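Before any comments, here is the structure.
The values are calculated or read from the model by the stated rules, or taken from the named source; none is laboratory data. These figures come from a predicted structure and were not determined experimentally. Every residue, glycine as well, gets a Cβ built from its backbone with ideal geometry; the counts of neighbours run over all protein chains shown.
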Amino acid sequence: MKVFGTVGLPGSGKGEAANVAEAAGVPVVVMGDVIREECRRRGLDPAEHHGRMAGTLREEEGEDAIAARTLPLIREAGDESGADAVLVDGLRSTVELDRFREAFGDDFTLVAIRAPFELRAERLDDRGRDDSDSDLEALRERDAREIELGLGETLDRADVEIDNTGTLAEFRERVRELLDVDVDTTVDTDDAAVGGGPA
């Protein structure tokens, strides 16, 4: 079974890559779900405590805690679906990357999804957020937090890169090629817009 992990800054297109995978019958495991589940287990609101819980898990169980908890979910998704591949959404640190490479060896591929700041900000704004200087600053701060957690170095260690600055149709096709799946490639007229979607 092949395992594809995605890494990228907010708005780069990770969520759209996951949508493409699901549409093609490739199971998707979201690392953030591990954190949300632990929040609920402890009686906390995931929306409010997500970041803090991620830190707590790392303090209690080690820097690779979230990756370690994700491993059985990946194997379970592959076994239950019978699929030849699983996509893991949400790698951030090199510690997580090392844990997955140790577990899956050559069957693990890290995919960096890249897009410039301005395009990512535009995509996030298209989600319905207020396009203001404060929101742009919030995105810069979020980028800085992600990079501080190790996302920048993880991006640099990717096996494959997708430059997500073209059309949505082009991005979807690139993801399908990477996953080696053949599905209906008919696209809506909206797909002609620049950008591979947010996430």
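For this structure, a couple of remarks:
- The stretch 21-32 - residue that is touching a Gly at 6+ places or on another chain (Cβ under 9 Å) and part of a helix (DSSP H, G or I) and, of those, surrounded by the most Cβ atoms within 10 Å (Cβ to Cβ): 31
- Of all the criteria given as (1) closer than 21 Å to residue 109 by Cβ; (2) hydroxyl-bearing (Ser, Thr, Tyr); (3) more than 13 Å from the chain's Cα centre (by Cα), the one not satisfied by residue 12 is (3).
- Residues (surrounded by fewer than 24 Cβ atoms within 10 Å (Cβ to Cβ) and not in a loop (DSSP other than H, G, I, E, B)) located in the stretch 8-20: 15, 16, 18, 19
- Number of positions in the stretch 128-149 that are at pLDDT below 80 and either touching a strand residue (DSSP E or B) at 6+ places or on another chain (Cβ under 6 Å) or outside any loop (DSSP other than H, G, I, E, B) (or both): 2
- Test: residue in the stretch 61-74 that is crowded, with 20+ Cβ neighbours inside 10 Å and touching a strand residue (DSSP E or B) at 6+ places or on another chain (Cβ under 7 Å): yes
- Test: residue 47 is in a helix (DSSP H, G or I), at pLDDT 95 or above and among the aliphatic types (A, V, I, L, M): no
- Selected residue (criterion: nearest to residue 11 (Cα to Cα)) from residues of the stretch 66-95 that are part of a helix (DSSP H, G or I) and hydroxyl-bearing (Ser, Thr, Tyr): 94
- Given (1) surrounded by fewer than 17 Cβ atoms within 10 Å (Cβ to Cβ); (2) under 26 Å from residue 123 (Cβ atoms), number of the condition residue 79 does not satisfy: (2)
- First in the stretch 74-87 and among the acidic types (Asp, Glu), second anywhere and surrounded by 13 or more Cβ atoms within 10 Å (Cβ to Cβ), Cβ under 8 Å, 6 or more apart: 80/27; 84/1; 84/2
- Among the residues making up the stretch 69-103, those that are closer than 10 Å to residue 27 by Cβ and of a type in the set (Gly, Ala, Ser) are 77, 78, 81, 82, 83, 85.
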